[in-house]
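The structure under discussion appears below in the form of C-alpha cells.
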Amino acid sequence: MDFLYARSWDEALAAKAERPDAVPISGGTDLMVDLNFDRRRPDALLDLNGVEEFTRWERVNGHVRIGAAVPFTRIINEIGSLVPGLAIASRTVGSPQIRNRGTLGGNLATASPAGDALPPLMVADATVEVGSVRGERTVPVREFFTGPKRSVLEPDELIRAVLVPVADGPQQFAKVGTRNAMVISVCSFALALHPARRTVAGCIGSAGPTVLPTPDAEQYLEAELADRRLWDSRAELDEAVATRFGELAGAHARPIDDVRGTADYRRHAVAVLARRTLQWTWTEYRRAQR
Amino acid sequence: MSVPTTQRPTGTETATGRLGDITLLPDGIPKVTGDFAYSSDLWMDDMLWGVTLRSPHPRARVRSIDIGAALATAGVTAVLTHEDVPGSKYYGLEIADQPVLAVDEVRYTGEPVAIVAADHPETARRAAAKIVVDYEVLDPITDSRAAMSPDSPLVHATPTQDHYPGGGNILRHVRIRRGDPTLTADVVVTGEYDVGMQDQAFLGPESGLAVPAEDGGVDLFIATQWLHVDQRQVAESLGLPEDKVRLSLAGVGGAFGAREDVSMQIHACLLALRTNKPIKMVYSREESFYGHVHRHPATMRYEHGANRDGTLVYVKCEVVLDGGAYASSSPAVVSNAASFAVGPYNCDNVLIDGYILYTNNPPCGAMRGFGAVQVCFGHESQMDKLAAALGIDPVELRIHNAMAEGSLMPTGQVVEGAAPVAELLRRVKDAPLPAAAPTDSYDLRALPGGVSNTTHGEGVRRGVGYAVGFKNVGYSEGFDDFSTARVRLEVVGGELVATVHTAAAEVGQGLITVMAQIARTELGVEQVINQPADTSIGTAGSTSASRQTYCTGGAVQAACEAVRDGILAMASARGLSVEGAALRDGKIVAADGAAVASVADLLGEEIVEETREFHHRPTEPLTRDLGAPGDIGQGAAHLQFAFAAHRVVADVDVELGLVRLVEVTTAQDVGKALNPLSVVGQIQGGTTQGIGLALMEEIQVKDGKIRNPSFTDYLIPTILDTPPMQVQVLELGDPHAPYGLRGVGEPPTISSTPAVVSALRAATGRPLTRVPVRPEHITGT
Ligand SMILES: Cc1cc2nc3c(=O)[nH]c(=O)nc-3n(C[C@H](O)[C@H](O)[C@H](O)COP(=O)(O)OP(=O)(O)OC[C@H]3O[C@@H](n4cnc5c(N)ncnc54)[C@H](O)[C@@H]3O)c2cc1C
C-alpha cells in the first residue's frame, strides 16, 4: 500500500488527481475500522493531516466556515455558541478519544445515515465546499447525499470546508442509542427554528438510507405557528401540536429492522424526539428576547 | 528450549500484604499503561503466522477440500486439514465431539476447516482464501425447542447422549423430582422467560505461540484458564504423550469462561510440528466471536404455587438451553441450571427438567455464572410475579421463603454452613435509597440516554428492584477437583524468600496476590515470588467455578504448612523446642510468643521445598434412575454455595425505552475476604457483567449466523452505564473451606440481571420477560 502525504490543499488535489484510487485519511476513525476489519484494502492512502487549513475555522458573512479536519472536540469547545445544533450532536459522538480525532469532513465523506453531524448540518442549511484539480464547487448539504454511504463527491474530489450559517434561532439534536455513551445512533432528530424567516427545519438521522428532511412536519408546524401567531406571541406551544409534529416527522422515517433496532421502534422514537426537541427549542425561543 | 522474547507476566513479586490486607495486583498498573505483555504480544524472530479458514455455513457437508492453490502461494509453509491431525481428530472438555478441523461436515458458522502457516499473517490470510472447499449446504437446525422433537434432523448423526433415552439432539436432560409436584396451591403463577446469548467479551483475543522442541514435542505459550486440560487435549490430537506437550501461561486478557475450551491451541501446535518453526496465532476481534463459546441462550417455563401467606408449595420449571454445535461444558451447565432453578428458597415439591440441545448455532459453554444466571432471571421474575399476585412485598416474600443453613436443595442436598439469604436481602433493602432526581434542573449524564440528549426529564420514571441468587463453588457431581502447589523456602542474598509454583491461571482475578499473601502469612516471610504457571507441576484445575482461591489457595496453604513442618523439624533436630510454634517475621515463634530462632539462620544454605495437592471434599453425581418411581436427580452434588443479593434503582425513559441505572446495592457473603480490594473488584465487575446482560449484551444469531461480531454492535456497558455501587461484604466463614473463604467471582453476575429487570418492571409496569431488555420491549413498539 502506498502512503501519500499532502501539506496543502493544492498538493492534496494534485495527489488525488494523480491517484484517484488513493483514499483520503483524516482522523481515521472511520477508515481505520474498515481497514482493521478488512472491509477495505485500498492500494493507497492520502494523509490529509498535514494540510493546515483543514484544521481552521473562521467567521465569514454570517457563516462559520469549518475546515474539513476540525475535530468534534474543537467544534464543541470553540464554536458551540455559533452552531449549537452541531455542537450538541458533536457531544454525542463516540468517546473523548473519537471526538478528539474524528472530523466533520470524515463524517460527511463517510455519508452514513448514522453520521451524527449530518442532521444538524441539514437543518442549518450548511453547504459543503468541495474541489479537485478540475475546479471547486459548493454543494448544499441537502443535495450532498445520494444513498447509504454515497455522496456526490467525485473520485478526484476532496472536501475542503463546510459553511454553516450562524444559528439564527434555537437548535436541538437528540439521538437514541442503546447505551448511554459511545454508541451508534439507532435514530436521531435535529431541529432548527429560523424565527427571522418564520420557518422550521427538521431532519432524521439513522432511520433511512440517508439522513431525511421532514417537509410535511415542517409545513404543518409553520402553518400552526403562523395561524396561532406564536412567533409573535411567544406563547406556549400546545402539546397536541408538538405531538402532531412528532407524528408527521416520524412518518418521514424510512427505517429498517437491523441489529441496532426495529423499524417500528425507530419510527416511534423519531416521533418522540421530534416532539421533545420542538418543545425544547420553543421553550428556548420563548425565553429569548423577552 | 527457546523462550519467546516477551517477558512472561506472572513471574512477578507482590510487594506486601498478608491475608486480609488490601493488596494491589502487581500487573494492574502495567495493564493500564499498556506495558503488560499479553499472549498476543508473544514474539520470536523466526516465527511463522498461523491462520484459520472457517466455515461460512452453519450446516453443510464437506465434499472436498482443495489446498493446492493455497499451498502454492509464495511464503506459505503449510496448509493442513483434518487429514493432517495425527492423533484424535476430535476434542472436547467433557465429550470429544468437536473436530480439530472439520472432517465431513461443518456444524456451525465459523467452524475451523483448514489452517495455514506463512511468513506473514496477510500472506496466510490470502492463502486461506484460496482454499477451495466444496460444501453441500444443508438446512441448519437453529431452534432449540424444535430440535427437541423426535422428527428433527440431527446435528450429530450419532449424538452423544448423557443418560437420556432416545435423545436425538438432546445432549443432556437433567430431571429433578422431589416431593409431590402434583399438589395444588392457593395462588399459582406461570411465566415464560428468555435469555439471549451473552458473550464473555474479553479484551485479549485468542492467541498464543507454539514452539517446536528438539525432543519432537512442543512448547505452547498460551492464554488459557486451565493449562492441564489444554495439555491433555493438545497431546491427544497431536498423538504425543503429555510430557512432550508443555504449556506455559502467557498474559491473559480476560477469560470469564471463554478460555475453558481449546481455540487455537491444537492448530498452532500442529503447524509448529509440521513446519518445525514457532507458530504465532492471534484471532482478530471478529474471528474471536467465532473462536470461543458463549453463554447459553435459554427459554424457560415456570409454574410457582404458593399459599396465601406466601409459602412456596411447589415449583415446576422447564429450562431449555441451546448448546450449539458441540458439547463443550454444556452437560455441567445444564446440571447447574437444573440445580439452581428454584433459587435460594425452600420448597419441598419440585419438578425440574433441564434440557441442553445440540443445534447449528454457535457452540455455547462456560461463562461466569454457569447455568445459574439464566434460571436466576427465571426464578426471580417469578418471585416478583408471585409477590404481585399475593399482594406481598417482593423482598418479604423472598425472605419468607429464604433458604438457610440446613435447608434442602431440590436435589435433596443439605445446605451446610452459612446461607444468609434473608440477611443479604435485608441488607440491600435497608440500605439508604439514593435521592430522587431533581425536577428543576437536569444533568444529561444522570438521565436515561446520557449525553445523547434524549430527555430533559420527560417520560422518566424511577423503579426499584431486588433479586437474590446463588451457585456452586468448585466442580460438582463427583468430579475429583483439586490443585497442586509447590512452595520453597530458602535464603537468597541473606534474605528469606518463598517461591510459590502452581499451574493456576491468573486471568485478572488476582490469584497471584492471594497466593503470595498466603505464603507471607503462613511462613512469616516478606519476599514471595510467584513462579510462572506451567505444566511442569501438577494440575491446578481450572480458573473457573469461583474455585481457584479455594482450591489453589488450599494447595498453597497445605504446601506452606508442609514447609513450616519441615522448618520446625529442622529446628527440633537441633534441639530447639518447637512445640506449637509458628513462623512469624522471619522467626520461629513459640506458642508463648517468644522467638526461638531466625529461620534464615536455621536454613543457611538449605532449601525446604514441598509439593501438596488439595482435593476438595467429594461431591456426588445426581441420581439418574429414570425408570424408578420417587425422587430423582438427587444427591449432594455441590461443594459449597455462594450467595449474593442486589437492589437496583433505575430511571427509565418510558417513552423511548432508555435506561439509566441510578445505583446498585449488593450484599454478598464471601466467607473470608483474603484480599478485600479484589473482592470488591470482583463484585463490581460481576455486577456490571450482569447489567450488560440485562440491558444490552447479546450475540444476535439469525439462521445460524452471528449478525454482530464486533464491539461496534456487541455493546458492553461503558462507565456511563455503570452506576455507583454500594457493596456490602459479609464474612461468615465456611468451616469446611480454607480460611473459611467462599468463592467470590460469579455470584454478583447472577442476581444483578434480574434485579435490573425488576427495577425496569417497577418503573414501566411492563412484564419484560426477555433479557437483554431492548428499548422496544419497554415502549411496546
Ligand atoms: C469508536 C467509534 C465511535 C464512533 N462514534 C460515532 C458517533 O457516535 N457518531 C458518528 O457520527 N460517528 C461515529 N464514529 C465514526 C467517525 O468517528 C466519524 O464518522 C468521524 O466524523 C470520521 O472522521 P475522521 O476524520 O476520523 O474520518 P476518516 O476515518 O479519516 O475518514 C472517513 C472517510 O472520509 C474520507 N475523508 C476524510 N476526509 C476527507 C476529505 N477532506 N475529503 C474527502 N474525503 C475525506 C475518507 O477517505 C474516509 O472514506 C465513531 C467511530 C468510532 C471508531
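The values are calculated or read from the model by the stated rules, or taken from the named source; none is laboratory data. Given the structure is predicted, the values throughout are model-derived calculations rather than measurements. Methodologically, a virtual Cβ is constructed for each residue, glycine included, from the backbone with ideal geometry; neighbour enumeration extends over all protein chains shown. Surface areas here come from the heavy atoms of the whole protein model, side chains and all, with no ligands, DNA or RNA. Shrake-Rupley method; radii C 1.70, N 1.55, O 1.52, S 1.80 Å.
Summary table
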| quantity | calculated |
| --- | --- |
| Residue check for B:His615: open to solvent by 40 Å² or more (accessible area, probe 1.4 Å) and either of a type in the set (A, V, I, L, M) or touching a residue at least 12 places away in the same chain (Cβ under 8 Å) (or both) | yes |
| Qualifying residue in segment B:426-444 (condition: within 30 Å of B:Glu606 (Cα to Cα) and either assigned to a loop (DSSP other than H, G, I, E, B) or at pLDDT 95 or above (or both)) | no |
| Residue ID - farthest from the other protein chains (Cβ to nearest Cβ), chosen from residues in segment B:700-712 that are surrounded by 18 or more Cβ atoms within 10 Å (Cβ to Cβ) and not aliphatic (A, V, I, L, M) | B:Gly704 |
| Which listed residue, of B:Val771, B:Val729, is open to solvent by less than 10 Å² (accessible area, probe 1.4 Å), within 22 Å of the chain's Cα centre (by Cα) and β-branched (Val, Ile, Thr) | B:Val771 |
| Complete set of residues in segment B:75-98 that are within 13 Å of B:Ile115 (Cα to Cα) and touching a helix residue (DSSP H, G or I) at 6+ places or on another chain (Cβ under 9 Å) | B:Val76, B:Thr77, B:Ala78, B:Val79, B:Leu80, B:Asp84, B:Val85 |
| Residue identified as touching a residue at least 12 places away in the same chain (Cβ under 8 Å), in a helix (DSSP H, G or I) and open to solvent by 10 Å² or more (accessible area, probe 1.4 Å) among B:His777, B:His736 | B:His777 |
| Inter-residue pairs, beta-carbon under 7 Å, first of a type in the set (Asp, Glu) and in segment B:227-238, second assigned to a helix (DSSP H, G or I) and surrounded by 23 or more Cβ atoms within 10 Å (Cβ to Cβ), 6+ apart | B:Asp230/B:Gln265 |
| Counted residues, segment B:695-733 - those being more than 30 Å from B:Gln640 (Cβ to Cβ) and not in a loop (DSSP other than H, G, I, E, B) | 9 |
| Matching entry among A:Arg40, A:Arg91, A:Arg59 (being away from the ligand (no atom under 12 Å from the Cβ), open to solvent by 40 Å² or more (accessible area, probe 1.4 Å) and out of contact with any His (no Cβ under 8 Å at 6 or more places or on another chain)) | A:Arg59 |
| Residue among A:Ile25, A:Ile66, A:Ile76 that is under 24 Å from the mean Cα position of the chain (by Cα) and touching a residue at least 40 places away in the same chain (Cβ under 8 Å) | A:Ile66 |
| Positions within segment A:117-140 being of a type in the set (Val, Ile, Thr), over 23 Å from A:Gly177 (Cβ atoms) and more than 12 Å from the ligand (Cβ to nearest atom), in sequence order | A:Thr127, A:Val133, A:Thr138, A:Val139 |
| Any hit, segment A:283-290, residues being within 11 Å of chain B (Cβ to nearest Cβ), without any contact (Cβ under 8 Å) to a residue 60 or more places away in the chain, polar (S, T, N, Q) and surrounded by fewer than 21 Cβ atoms within 10 Å (Cβ to Cβ) | yes |
| Segment A:238-261 - residue that is β-branched (Val, Ile, Thr) and open to solvent by less than 40 Å² (accessible area, probe 1.4 Å) and, of those, nearest to A:Ala217 (Cα to Cα) | A:Val241 |
| In segment B:713-730, residue nearest to B:Lys429 (Cα to Cα) [restricted to those that are touching a residue at least 60 places away in the same chain (Cβ under 8 Å) and within 7 Å of another protein chain (Cβ to nearest Cβ)] | B:Asp721 |
| Within segment B:61-163, helices (runs of 4 or more DSSP H) holding 2 or more residues that are crowded, with 23+ Cβ neighbours inside 10 Å | B:121-129, B:144-147 |
| Search result, residues across segment A:1-28 that are near the ligand (Cβ under 10 Å from one of its atoms) and either in contact with a Ser or Thr (Cβ under 8 Å, 6 or more places away or on another chain) or in a helix (DSSP H, G or I) (or both) | A:Trp9, A:Ala12, A:Lys16, A:Ser26, A:Gly27 |
| Some residue of segment A:66-76 being within 11 Å of the ligand (Cβ to nearest atom), within 14 Å of another protein chain (Cβ to nearest Cβ), touching a Lys or Arg at 6+ places or on another chain (Cβ under 7 Å) and outside any loop (DSSP other than H, G, I, E, B) | yes |
| Whichever residue in segment A:98-116 is more than 6 Å from the ligand (Cβ to nearest atom) and farther than 16 Å from B:Thr712 by Cβ and, among such residues, is most open to solvent (accessible area, probe 1.4 Å) | A:Asn100 |
| Failed condition for B:Gly685, given (1) surrounded by fewer than 21 Cβ atoms within 10 Å (Cβ to Cβ); (2) more than 14 Å from every other protein chain (Cβ to nearest Cβ); (3) assigned to a loop (DSSP other than H, G, I, E, B) | (3) |
| Enumerated strands (runs of 3 or more DSSP E) restricted to segment B:459-545, each holding at least 1 residues that are under 21 Å from B:Gly566 (Cα atoms) | B:482-492, B:495-502, B:527-530 |
| Meets criteria (modelled with pLDDT of 95 or more, in contact with a helix residue (DSSP H, G or I) (Cβ under 7 Å, 6 or more places away or on another chain) and within 14 Å of another protein chain (Cβ to nearest Cβ)) for B:Thr753 | no |
| Test for B:Asp443: is it within 14 Å of chain A (Cβ to nearest Cβ) and open to solvent by 40 Å² or more (accessible area, probe 1.4 Å) | yes |
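Okay, residues lined up against (1) out of contact with any His (no Cβ under 8 Å at 6 or more places or on another chain); (2) over 29 Å from B:Arg547 (Cα atoms); (3) surrounded by 23 or more Cβ atoms within 10 Å (Cβ to Cβ):
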site	(1), (2), (3)
B:Leu661	yes, yes, yes
B:Gln689	yes, no, yes
B:Ala694	yes, no, yes
B:Glu697	yes, no, yes
B:Thr722	yes, no, no
B:Leu741	yes, no, yes
B:Val744	yes, no, yes
B:Pro748	no, no, yes
B:Thr753	yes, no, yes
